[in-house]
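Reviewing the structure listed below.
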Amino acid sequence: MSETRFNEKHFLRVLAGIHFSHIVDFMIIMPLGPAIMRDFDVGASSFGLLISAYTYSGAISALLIALLVDRFSRRKIFLLVFASFILSTMACACAQSYEQMLVARTMTGAFGGVLGALIHTLSGDFIPYERRGKASGLILSAFSIASILGVPVSLSLTEILGWRSPFILIGCVGLSLLIFAFRVIPSSTNNSPSKEITSRNRLSPQVKPDKPDGAIYAILEPLWVVFHLKSSAKAIGLSVSVLFASFLFIPYITLHLIETVKIEPSRIPLVYLLGGGATFVTSRLIGYLTDRYGKLETFRIVTLASIIPLAVLPNLGPSSLLTTLSVTTVFFIFVSGRMVPLSATLVSITQPEFRGRFMSINSALQQVAMGTAAWVGGTIIQSNYDGNTKISILAVSISLFAIIWSRLIRLYDTTQLNSK
């Protein structure tokens, strides 16, 4: 596809749509739990394994993708991974036993778990540095649409046609998006539309540190290079800390609202409806601010603001519906909002030809961080009567650490632009 035919709006909309499909697939399994447990006659621990299998298989596949993504066409790898995700999702709908469902969810996680990294990699490849905040805001607004549209529609369909129907719907939507993706996602022999930048990268001394010899290095070279590029390891540390702080409490919001805040279960959809609707607007606004005032600068401000809901929501006692919705909506806006400037930062850390492997490695460690944080948060809640307070203190402390840590990071694109 020639550069003159590249349509940035269509390109970003397709990426956002694909992001939406795999987010709905990840989110929908949790409210389907009772139906799946009843159909396969399994307990809560077995159902929990379905969720864990998705997360950890995604982490493993992201590391494997990191070895390949910068050696072959990113477009071809992305389309192949997304097509495999669609097939795996349809396999979930066809599972006739718990064992088959476990295999299907493991495969879905292996492909879906790496889609986010590939989406942001392609965005970084073809969206100029000065518009990446806006692009990240648009792509991440898919989470908002999943909250206010994807999950409710899927649950309504479940009541009529059964728990398998959402997976069929996701598969059909994914197939349509795959057809559009073939048409609008460009290809580039240098994995970047800018040959000038790529050429300059290869002459940069930071790209070619002393390399060890041996067959093992030949295989693991993509991983080794990433951790020897300036700011890459520091950026991964920032990314992991933000996700860890968030997922200490996010998996237990519904439980906290029902058991501690005393909100009726029937009112829980309002939390996600209002929160998702608000973030649909604010994620784009934060994207604009990211481009206007700087990626790391905006990240620090939004993260500082997120400390307020991280301190308030876990410690919220019995409250009115209005108060609860106000607090949870602010939580959605700022805790999820800090991912917009963070994502724009991550795609601007490394040289274009190393971006794919960096984003894949980062995705793997993010998923490990999320899974580990959820386990740590659950352990704290179960073993302490004031567990929510301790989670709040830990989440706030890690967020403050992230703000300080972000000052160690230098963006590659900014360095190149300033050096012209």
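Some values worked out for this structure:
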| item | result |
| --- | --- |
| Projected label distance in nm at Glu297 and Ile404, using a 7 Å step from Cα toward the beta-carbon | 2.4 |
| Separation in nanometres of the label points that stand 7 Å from Cα toward Cβ, at Thr379 and Ser97 | 3.4 |
| Mean Cβ neighbour count within 10 Å, used as a protection proxy, ranking 250-261, 388-399 highest first | 388-399, 250-261 |
| Rounded, prolate or oblate (a/c below 1.5 giving rounded, otherwise prolate when a/b exceeds b/c) for the stretch 60-146 by Cα gyration tensor | oblate |
| Length gained when the stretch Phe72-Val312 is fully extended (0.36 nm per residue, less Cα-Cα span) | 81.7 nm |
| At R0 = 25 Å, FRET efficiency that the Cβ-Cβ distance of Leu322 and Glu159 yields, to 0.05 | 0.30 |
| Packing-based order for 72-79, 54-61, 304-311, using average beta carbon neighbours within 10 Å, highest first | 54-61, 304-311, 72-79 |
| Heavy atoms of Glu130: accessible area, 1.4 Å probe, square angstrom to 10 | 110 |
| Residue-by-residue Karplus 3J(HN,Hα) for the stretch 351-356, coefficients 6.51, -1.76, 1.60, Hz, glycine and proline x | 4, x, 6, 10, 5, x |
| Long pairs among Lys262/Lys295; Lys234/Lys390; Lys262/Lys390; Lys134/Lys262, criterion Cα-Cα beyond 29 Å | Lys262/Lys295; Lys134/Lys262 |
| Given charges at beta-carbon only (K, R positive; D, E negative), |dipole| of the stretch 280-420 in Debye | 320 |
| Residue-by-residue Karplus 3J(HN,Hα) for the stretch 403-410, coefficients 6.51, -1.76, 1.60, Hz, glycine and proline x | 4, 5, 4, 4, 6, 8, 9, 10 |
| Using a Förster distance of 22 Å, the FRET efficiency for Asn7-Leu175 (Cβ separation, nearest 0.05) | 0.55 |
| At R0 = 25 Å, FRET efficiency that the Cβ-Cβ distance of Ile393 and Leu64 yields, to 0.05 | 0.10 |
| Cα gyration tensor shape for the stretch 1-137, rounded if a/c is under 1.5, else prolate or oblate | prolate |
| Length released on extending from Ala233 to Ala305, taking residue separation times 0.36 nm less the Cα-Cα span | 23.4 nm |
| Derived scalar couplings ³J(HN,Hα) [the stretch 111-127; Karplus, 6.51 cos²θ - 1.76 cosθ + 1.60; whole Hz; x for Gly, Pro] | 8, x, x, 9, 4, x, 5, 5, 4, 5, 5, 5, 4, x, 5, 10, 9 |
| Rounded Å value of the spacing that divides the Cα centres of the stretch 288-356 and the stretch 74-88 | 29 |
| Heavy atoms of Tyr98 accessible to a 1.4 Å probe, total area in Å² rounded to 10 | 30 |
| Charge dipole magnitude, Cβ of K and R +1, D and E -1 - the stretch 43-158, Cα centre, debye nearest 20 | 300 |
| Sequence-distant residues sharing a close amide H with Ile349 (under 5 Å, placed H) | Tyr412 |
| Overall form of the stretch 304-386 per C-alpha gyration tensor (a/c, 1.5; a/b vs b/c) | oblate |
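The values are calculated or read from the model by the stated rules, or taken from the named source; none is laboratory data. Fair warning: this is a prediction, and the values are worked out from it, not measured in the lab. Note that we place each Cβ from the backbone using ideal geometry, even for glycine, and neighbour counts take in every protein chain shown. The area values use the complete protein model at the heavy-atom level, side chains included, leaving out ligands, DNA and RNA. Shrake-Rupley method; radii C 1.70, N 1.55, O 1.52, S 1.80 Å.
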